[in-house]
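S.K.: Take this structure, written in structure tokens, and hold onto it; I'll ask about it next.
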């Protein structure tokens, strides 16, 4: 994934998160249904259910890292 694609993904996920759990479930179903990976998704969701929100927050895992962009002189 390119850096630009990663940034686009992060911004999209931030917006999706704000839409709530139903929108998230709808998107996940749309993504996995056509490719037949529903069981894979359900397994991943079960793994993520084991994570503690408090622990993620404590280690900064609840937010994306800051991005540093280098701007080069055009001259």
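Readers should treat all values here as calculations from the given coordinates under stated rules, not as data from a laboratory. Computed from a predicted structure; not experimentally measured. Virtual Cβ from ideal backbone geometry, glycine too; neighbours counted across all protein chains shown.
S.K.: Collect the residues in segment 1-42 that are touching a helix residue (DSSP H, G or I) at 6+ places or on another chain (Cβ under 6 Å) and over 23 Å from residue 61 (Cβ atoms), keeping them in residue-number order.
M.R.: Across segment 1-42, the qualifying residues are 32, 38.
S.K.: Restricting attention to segment 37-50, which residues are surrounded by 11 or more Cβ atoms within 10 Å (Cβ to Cβ) and in a loop (DSSP other than H, G, I, E, B)?
M.R.: If the condition is that a residue be surrounded by 11 or more Cβ atoms within 10 Å (Cβ to Cβ) and in a loop (DSSP other than H, G, I, E, B), then 37 is the only one that fits.
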